[in-house]
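Q: Can you keep this structure in mind? I'll have questions shortly.
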Amino acid sequence: MDNDAMIKMLNADITGEIEAILTYLRHNFVIKECEISRSMEEIARDEMRHMEWLSEKVTDLGGIPTIEHATLRLEGEDLPAMLKRDVGLEESAIVQYQDHIDAITDPGIKHLLRKIMNEEIEHRDKFAEKLHEVTSAPGSSEKPNLTVGSMIEKVEGGNE
């Protein structure tokens, strides 16, 4: 595989990382300070690190890292919808990284993409765990359109 093809794939990965960063930070900003918001911020920082690693590889190959992102689909204040979106972003990233690992022949880039994909698997699992906690919180089945504030109180054990 030539450098231009690898640069194109890596830039597609950067685009996905930027989308994840913006989405997770936005979710973090609209959720009051709690364990879930801190997890979202931590994962956004991981995505920034991924973007940096990918950008370094693009420049090493003679390319210019993209700063484009996909059209953002941002939810309102429904925490379960936010977490479902976050799980979906991670699942899409995992599939894309696996496709790129299969296509790219450079062993160093394959190694980097495997490392990033493994972290994306951890992120997906963390978001899925938080989603399960939120949707299985006492009373959650009675309120299908829960707001961020009401669910945070339930998850943290506060009174409503």
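Q: In whole angstrom, how far apart do the alpha carbon centroids of segment 82-116 and segment 18-51 sit?
A: Their Cα centres are 18 Å away from one another.
Q: Against the globular-protein guess of 2.2 N^0.38 Å, express the Cα radius of gyration of segment 62-131 as a ratio, rounded to two decimals.
A: Segment 62-131 yields a ratio of 1.31.
Q: If you don't mind, another one. Across bins of 5 angstrom width beginning at 0, how are the C-alpha pair distances of segment 30-75 distributed, in whole percent?
A: The distribution over segment 30-75 is 5, 18, 16, 20, 18, 11, 8, 4, 1, given as percents.
Q: What distance in nm separates the simple spin-label points at Lys84 and Lys110, each placed 7 Å from Cα in the Cβ direction?
A: Taking the simple label geometry, Lys84 and Lys110 are separated by 3.8 nm.
Coordinate-derived values only; no laboratory data. Fair warning: this is a prediction, and the values are worked out from it, not measured in the lab. Reconstructed Cβ throughout: ideal geometry from the backbone, glycine too, with neighbour counts over all protein chains shown.
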